[in-house]
Amino acid sequence: QVQVVESGGGLVQPGGSLRLSCTASGSTFSISAMGWYRQTPGKQRELVAVITSGGSTDFADSVKGRFTISKDNAKDTGFLQMNSLKPEDTAVYYCNVKYKIVGLEANYWGQGTQVSVSS
């Protein structure tokens, strides 16, 4: 079974930085895409950033210019570098890992890591 684990969350002051990590294990398939989502109470889970196996990236408008996403294919690990953090970035951040092979695909979620931006 595939296991997805996030780490790196914590409490940081506005303007600070955090680096989140996401590691997928338990599968011999290559990762097709890895996305970061976030969710706060009363709101739907929203896409923050995504990176494909080919290296293409996309970001939510609210984080463009502040966040970057990267990956280490050999370790099945992805990273979300968050800079210039704002209080509105406070949320539980979830990693989603997508596998696709010969037209079939599956998605797996981590349990999330808390990011709190506050003075």
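The values are calculated or read from the model by the stated rules, or taken from the named source; none is laboratory data. If you're wondering where the values come from, they're calculated on a predicted model, not measured in any experiment. Quick reminder, even Gly has a Cβ in these numbers, built from the backbone with ideal geometry, and neighbours come from all protein chains shown. Accessible surface is based on the protein model in full, side chains and every heavy atom, while ligands, DNA and RNA are left aside. Shrake-Rupley method; radii C 1.70, N 1.55, O 1.52, S 1.80 Å.
The strands (runs of 3 or more DSSP E) located wholly in the range 1-114 that include 3 or more residues which are open to solvent by 30 Å² or more (accessible area, probe 1.4 Å) occupy 3-7, 18-25, 31-39, 46-52, 57-59, 67-72, 91-101, 104-109.
Condition check ((1) among the β-branched types (Val, Ile, Thr); (2) closer than 21 Å to LYS86 by Cβ) across all residues:
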residue	(1), (2)
PRO14	no, yes
ARG19	no, yes
SER27	no, no
TYR37	no, yes
THR40	yes, yes
PHE67	no, yes
